[in-house]
Amino acid sequence: VSVDLAIAVDLGGTQIRVALIDRTGAILRKISDFTRATAGPDIVIGQIAALVADVSGGVARSELAGAGVSSPGPLDTEAGVALTLPTLVGFENYPLRAMLSNAIGLEVKLENDGIAAAIGEWRFGAGQGFANVVYVTVSTGIGGGVIINNNVLRGRRGMAGHVGHMSFVQGGEMCSCGNCGCFEAYAAGPALARRWVKSGGSGDAAAVFDAARGGNGVAIRLVREEAEFLGQGFASLMHLYSPDVLVMGGGVGQQFDVLHADIMGSIRICAMPAFRDTPVVRAGLGDDSGLMGIAALVFARDRAQH
Ligand SMILES: [Zn+2]
């Protein structure tokens, strides 16, 4: 019986999370630190290396299958390069895979955070056992990943699956990506909060859900509208990929119980009849889908990514 372990790193604009994970997907240790997001790559790589040393303390090198990192994109995962990371200063065209590999002395796999989370849900979570899975994370942005015919869809330079930047409304709201009218600009948490503030409310997306649960009529209407935006986007993804299941994660995804009925209602309006019975389910792994997806990648030796 193999005792191989993987080190999984989830690099985010707010937090760096590092876990030691075994082949069954079990997280044996997990630690985190706040990302020094404005300090530049050298400092951030140093933070990751310290966390890796900490989480793998006492583990023999022969037990480690390798390491992997999930990062916001766009990344060129074929070249191992971060192209632009809006939430991390100084990472433009940065050779993240090589620099991290040098710092920790292990082979490193690099994956977009949305794709990593999709792999995690497919291998260990709500998408387990399905050949076709679309994963969508809805939080401060919208990201995702696509599994088709039991293969991870990566596309040119590994950049496929930026589902939040589907064009949604011509000439619409400004998006974090610099374009107008993206799905993310309408359906991510900040968009819901913006509509709430415009209607006289205060606080973030979580405050809108709290108010809706408390019976606030305006909040209830905005939550329904949020579900309609999500359903419209999900219907497009169903038309594109015909998944067996669409898995929803992220901070807004945690409000799945209050959104689900209206998401399905919106899909019944927006999707062609043959697609309307595609299930939409909540993510099974919470915050850990990315870490577990990275571990699955490290263990998948048949993949061509180096
Ligand atoms: Zn966009």
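At-a-glance table
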{"quantity": "Dipole of the chain [Lys/Arg +1, Asp/Glu -1 at C-beta], most positive-end residue of Ser266, Val152, Ala19", "calculated": "Ser266"}
{"quantity": "Karplus-derived 3J(HN,Hα), 6.51/-1.76/1.60, for each residue of the range 127-133, Hz, glycine and proline x", "calculated": "x, 4, x, 9, 8, 10, 10"}
{"quantity": "Residues of the chain: accessible area per residue with a 1.4 Å probe, Å²", "calculated": "42 Å²"}
{"quantity": "Taking the chain and dividing mean pair separation by its residue count, relative contact order in percent (alpha carbons under 8 Å, at least six apart)", "calculated": "20 percent"}
{"quantity": "The range 216-267, accessible surface, carbon-and-sulfur percent (1.4 angstrom probe)", "calculated": "48 percent"}
{"quantity": "Student exercise, the chain dipole from Lys, Arg, Asp, Glu Cβ charges, in Debye to nearest 20", "calculated": "220 debye"}
{"quantity": "Distance between the range 238-298 and the range 190-225 - C-alpha centres, whole angstrom", "calculated": "22 Å"}
{"quantity": "Carbon plus sulfur fraction of accessible area for the range 1-89, probe 1.4 Å, in percent", "calculated": "55 percent"}
{"quantity": "Size of the chain as Cα extents on the principal axes (Å, biggest first)", "calculated": "57, 41, 36"}
{"quantity": "The range 1-155: radius of gyration and largest Cα-Cα distance (Dmax), Å", "calculated": "15.2, 44"}
{"quantity": "Beta bridge orientation in the chain: antiparallel %, DSSP, nearest 5", "calculated": "60 percent"}
{"quantity": "Ala207 versus Asp257: modelled label distance in nm, points set 7 Å from Cα along the beta carbon direction", "calculated": "2.4 nm"}
{"quantity": "MRE, 222 nm, helices only [DSSP H, n ≥ 4, -39500 (n - 2.57), over the chain, to nearest 500]", "calculated": "-11500 deg cm²/dmol"}
{"quantity": "Estimated FRET transfer efficiency (Ser242, Leu28; beta-carbon r; R0 35 Å; 0.05)", "calculated": "0.45"}
{"quantity": "Cβ crowding within 10 Å averaged over residues, with 226-235, 196-205, 170-179 ranked highest first", "calculated": "226-235, 196-205, 170-179"}
{"quantity": "The range 57-113, dipole about Cα centre (Lys/Arg Cβ +1, Asp/Glu Cβ -1), debye to the nearest 20", "calculated": "180 debye"}
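The values are calculated or read from the model by the stated rules, or taken from the named source; none is laboratory data. Keep in mind the model is a prediction, meaning the values are calculated, not measured. In this analysis, Cβ positions are derived from the backbone assuming ideal geometry, glycine residues included, and neighbour counts consider all displayed protein chains. Protein only, heavy atoms only, side chains kept; ligands, DNA and RNA dropped before computing areas. Shrake-Rupley method; radii C 1.70, N 1.55, O 1.52, S 1.80 Å.
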